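The values are calculated or read from the model by the stated rules, or taken from the named source; none is laboratory data. Not measured: the values here are computed from a predicted model. Positions of Cβ are backbone-derived with ideal geometry, glycine not excepted, and every protein chain shown enters the neighbour counts.
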Amino acid sequence: MTEKQWKKSVAEQWGLFLPPARPSLSELAVFEQNLLELKSAKPHVRVGILGSTPEYRDLCQTYGADYQCIEYNPANFTTLGQFMLHRDDNNHIVESDWRTMGFEQSFDLFMGDLVTTVVPVKDHAEIFRNIRKHCTSEARVMLKVPLRQDNRHMTHREIFNLYRRKFSHLNPFAAVWHEVLLADYDFSEDTMHCQTSLQRLSESFGAGIIHAFEFGEFKKRWDALGDFKMNIPLEKTYMGKISQHFKMLYKTSGTDWYKQWSPILIVSPKA
């Protein structure tokens, strides 16, 4: 994450984004199931939402769960609240960066959607350590996170041929988001840059490799994100970091077409 890259101007564009860049209905069903399991054992379950994801806030409100959004920018919290079905207020925000989390509250359930995806890989271990500090003894941590198995990647020609052959019923941004992120990934820095991706997509569009609609669906979203960076870390490395502080309960997913590379990790704190 470049310094404070999630800002109000990005939050205002939430409606532009589609799963896997935000929670899908089938993924929300997994979070719902876990929330209800915990709530049945502990009616006053406390939920920590990493960020201000409106879908998670609505889920907590639907079931009367006590929740706090751990969010470094109150403007993000307020702006994303406009995309909720329920009303929210400032009683549900703890203003803090995930890389510091200097507050006292502990939570029975943490929810995160692409949390580490928007924070530099070098900071992942610190984030896991901080989350662990704020877990109750029987807590669950649920993280949806895109991961990769190796450094193989596809060309734009291969990606958009795949899209037309297999996923043309979907929006192209949603259908091949993962493949496009990796197409121009900086594997030495373990990150991608939206503006670099946009430049390369523009070149492929000019060469006739990408159709106008396909290019436009990525361009309007990369324009909305601006100077944004994301990562898709190696699964083996990622799991090594998280296992220092948590034990795996299970790895699951929604039923979406991208479920194999964007699992939901469900872990609990090590003693």
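Of all residues in segment 236-271, those being within 25 Å of LEU25 (Cβ to Cβ), within 16 Å of the chain's Cα centre (by Cα) and in contact (Cβ under 8 Å) with a residue 60 or more places away in the chain number 11.
If you filter segment 184-209 down to residues that are free of Cβ contacts under 8 Å to residues at least 24 places away in the same chain and more than 20 Å from VAL118 (Cβ to Cβ), you find that the one that is surrounded by the most Cβ atoms within 10 Å (Cβ to Cβ) is PHE205. Would you check if GLY254 is assigned to a loop (DSSP other than H, G, I, E, B) and touching an Asp or Glu at 6+ places or on another chain (Cβ under 8 Å)? Answer is yes for this residue.
Looking at SER243, SER253, which one is surrounded by fewer than 17 Cβ atoms within 10 Å (Cβ to Cβ) and among the small types (Gly, Ala, Ser)? Exactly one residue qualifies, and that residue is SER243. Is it fair to say LEU181 is hydrophobic (A, V, I, L, M, F, W, C), surrounded by 14 or more Cβ atoms within 10 Å (Cβ to Cβ) and on the phi > 0 side of the Ramachandran plot? For LEU181, the condition - hydrophobic (A, V, I, L, M, F, W, C), surrounded by 14 or more Cβ atoms within 10 Å (Cβ to Cβ) and on the phi > 0 side of the Ramachandran plot - is not met.
Residue by residue, here is whether (1) at pLDDT 95 or above; (2) among the small types (Gly, Ala, Ser); (3) surrounded by fewer than 18 Cβ atoms within 10 Å (Cβ to Cβ); (4) under 22 Å from GLN5 (Cβ atoms) holds:
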residue	(1), (2), (3), (4)
THR62	yes, no, yes, no
ILE70	yes, no, no, yes
GLN82	yes, no, yes, yes
PHE107	yes, no, no, no
ASP113	yes, no, no, yes
ILE127	yes, no, no, yes
SER137	no, yes, yes, no
ARG140	yes, no, no, no
ARG148	yes, no, no, yes
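When ASP223, ASP186 are checked against the criterion of being under 18 Å from VAL121 (Cβ atoms), in the same structural domain as PHE160 (by TED's automatic domain parsing) and not basic (Lys, Arg), a single residue qualifies: ASP186.
Only one of the listed residues (ARG129, ARG165) is charged (D, E, K, R), not assigned by TED's automatic domain parsing to the domain that holds LEU36 and not in a strand (DSSP E or B). That residue is ARG165. Residues that are under 19 Å from the mean Cα position of the chain (by Cα) and part of a strand (DSSP E or B) within segment 185-202 comprise THR191, MET192, HIS193, listed in sequence order. For GLU95, the stated conditions hold: it is acidic (Asp, Glu) and surrounded by fewer than 19 Cβ atoms within 10 Å (Cβ to Cβ).
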